[in-house]
Amino acid sequence: MEDIKAQIKKNKVPNHVAIIMDGNGRWAKLKDKPRIFGHKNGVTSVKEAIEGCGEIGVKFLTLYAFSTENWNRPKLEVRTLMALLVSSLKKELKTLQKNNIKLNAIGNIHNLPEKAQIELAEVIEKTKNNNALTLTLALSYGSREEIVNVIKNLSKKVVNNELSVEEINEKIINNHLYTFSLPDVDFMIRTSGEKRISNFLLWQIAYAELYFTDILWPDFRKENLFNAIVEYQNRERRFGKTSEQIEKNQ
């Protein structure tokens, strides 16, 4: 692992990494275990991703923990996932503090069980002054719902003469997103071999590099993260410009 880590160029580390943590259920099925067994083992991969990002200097990490569509899963699985969230937050608070990690959450948090909301708010409050890495959990999150809410909020402001239509621009929209305090995503990773975005940060990944791996989430380790980062650094990010323009400005 140290060999691949040594290949990472510190001046080209993505500022904001987002991960769709996919494959817990399939991983459990392969082992003839219930789906929740996969979710519990996926916690280790979360720790690996956080530690790995911290080691190489990533400043923002956003994890797709629970989507708006996930509420449609079997009730027992949802209840167990919520209990796992609460227990994980309690267990990891000391680690977050020790490593100077700030916890953040985006999504329709009010849909979470009250116990989960309380625990989440407590950890967010206790880590609010940490600044080495901002860890954002997307919970009860759906990007289309987020964008619809932005449109509704801006429409109300226009109707109430708080804002004119002409004033609406990308910055105004950004300021009304759940992610208003976060920079755009530079690099998005999805595990399990699926090659889709699944309603995750659709606005925020406009110029992100996308990386798909067949590894199921419970098997994802630092080495896999570092391999992904090396591939990211070998890509040319042009943001609509030509290669020649990029080279000229370097």
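So here's what we get for this one:
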quantity: Flag if residue 174 is without any contact (Cβ under 8 Å) to a residue 60 or more places away in the chain, out of contact with any Leu (no Cβ under 7 Å at 6 or more places or on another chain), open to solvent by less than 40 Å² (accessible area, probe 1.4 Å) and not in a loop (DSSP other than H, G, I, E, B); calculated: no
quantity: So residue 88, is it buried (at least 19 other Cβ atoms within 10 Å of the Cβ) and either polar (S, T, N, Q) or modelled with pLDDT of 95 or more (or both); calculated: no
quantity: Candidate set: the stretch 181-199, residues that are touching a helix residue (DSSP H, G or I) at 6+ places or on another chain (Cβ under 6 Å) and of a type outside the set (Ser, Thr, Tyr); chosen: the one nearest to residue 225 (Cα to Cα); calculated: 189
quantity: Filter result for the condition that a residue is in contact with a Gly (Cβ under 9 Å, 6 or more places away or on another chain), polar (S, T, N, Q) and within 25 Å of residue 15 (Cα to Cα), over 169, 99, 104; calculated: 99
quantity: Checklist (1) assigned to a helix (DSSP H, G or I); (2) at pLDDT 95 or above; (3) among the charged types (D, E, K, R) applied to residue 244, failing item; calculated: (2)
quantity: Residue 134 being polar (S, T, N, Q), in a helix (DSSP H, G or I) and in contact with a strand residue (DSSP E or B) (Cβ under 9 Å, 6 or more places away or on another chain); calculated: no
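The values are calculated or read from the model by the stated rules, or taken from the named source; none is laboratory data. None of the values given here were measured: they were computed from a predicted structure. Every residue, glycine among them, receives a Cβ derived from its backbone with ideal geometry; neighbour counts consider all protein chains shown. With ligands, DNA and RNA removed, areas are computed over all heavy atoms of the protein, side chains included. Shrake-Rupley method; radii C 1.70, N 1.55, O 1.52, S 1.80 Å.
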